[in-house]
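**Student:** Got a structure for you, written out below as structure tokens; questions coming shortly.
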Amino acid sequence: MSHQGPADFPGNFLGRPEAPVDEPVLEEQPMIVDSHQHFWRASRGEYHWMDSSKVPLLCRHYLPDDLRPQRRRAGVDCTILVQAAQTVAETEFLLDLAESTDLLPVSSVGLRVSV
């Protein structure tokens, strides 16, 4: 059996037909999204996983200003905020962050797990 590479399929490498030549090409750059970002304020005390004897680096506040320089260097346009604690107070904390900064134009994500 011979290998079938991109040249063996009509259209592009995904097997989709090529766009017509006269179709306009988008000039905009694609948006870059950080799909999983946690922020926390350690003094809130809701983070059961925060143990200074095991991971002291995490036992401080991590807020939007901490991410801003790395985000700019990487060209990230927005970030999806994910809860670091499964509480209503955590959700409210994240929503407040999203409303008070230009850094978080996407929304928070909270999952409820039933056991």
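The values are calculated or read from the model by the stated rules, or taken from the named source; none is laboratory data. Just so we're clear, the structure is a prediction, and the values are computed from it rather than from any experiment. Using ideal geometry, Cβ is built from the backbone for each residue, glycine included, and neighbour counts are taken over all protein chains shown.
**Student:** Could you list, in sequence order, all residues of the range 32-65 that are aliphatic (A, V, I, L, M) and out of contact with any strand residue (DSSP E or B) (no Cβ under 7 Å at 6 or more places or on another chain)? Before you say what the answer is, go through the steps one by one.
**Tutor:** Going residue by residue through the range 32-65, those that are aliphatic (A, V, I, L, M) are 32-33, 42, 50, 55, 57-58, 63.
Within the range 32-65, Ile32, Ala42, Met50, Val55, Leu57, Leu58, Leu63 meet the criteria.
**Student:** Based on this model, can you work out whether Arg44 counts as out of contact with any His (no Cβ under 7 Å at 6 or more places or on another chain) and either at pLDDT 90 or above or of a type in the set (A, V, I, L, M, F, W, C) (or both)? Don't jump to the end; show me each part of the working.
**Tutor:** Working: out of contact with any His (no Cβ under 7 Å at 6 or more places or on another chain): yes; either at pLDDT 90 or above or of a type in the set (A, V, I, L, M, F, W, C) (or both): yes.
It is true that Arg44 is out of contact with any His (no Cβ under 7 Å at 6 or more places or on another chain) and either at pLDDT 90 or above or of a type in the set (A, V, I, L, M, F, W, C) (or both).
**Student:** List every residue pair whose Cβ atoms lie under 7 Å apart, where the two residues are 6 or more positions apart in sequence or sit on different chains, the first residue falls within the range 32-44 and is surrounded by fewer than 16 Cβ atoms within 10 Å (Cβ to Cβ), and the second residue, located anywhere, is aliphatic (A, V, I, L, M) and part of a strand (DSSP E or B).
**Tutor:** Val33/Ile80; Ser35/Ile80; His36/Ile80; His36/Val82; His38/Val82
For every residue, the table says whether it meets (1) of a type outside the set (Phe, Trp, Tyr); (2) at negative phi; (3) assigned to a loop (DSSP other than H, G, I, E, B); (4) modelled with pLDDT under 90.
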{"position": "Glu18", "(1), (2), (3), (4)": "yes, yes, yes, yes"}
{"position": "Val21", "(1), (2), (3), (4)": "yes, yes, yes, yes"}
{"position": "Val25", "(1), (2), (3), (4)": "yes, yes, yes, yes"}
{"position": "Asp34", "(1), (2), (3), (4)": "yes, yes, no, yes"}
{"position": "Met50", "(1), (2), (3), (4)": "yes, yes, yes, no"}
{"position": "Leu57", "(1), (2), (3), (4)": "yes, yes, no, no"}
{"position": "Gln70", "(1), (2), (3), (4)": "yes, yes, no, no"}
{"position": "Arg73", "(1), (2), (3), (4)": "yes, yes, no, no"}
{"position": "Leu81", "(1), (2), (3), (4)": "yes, yes, no, yes"}
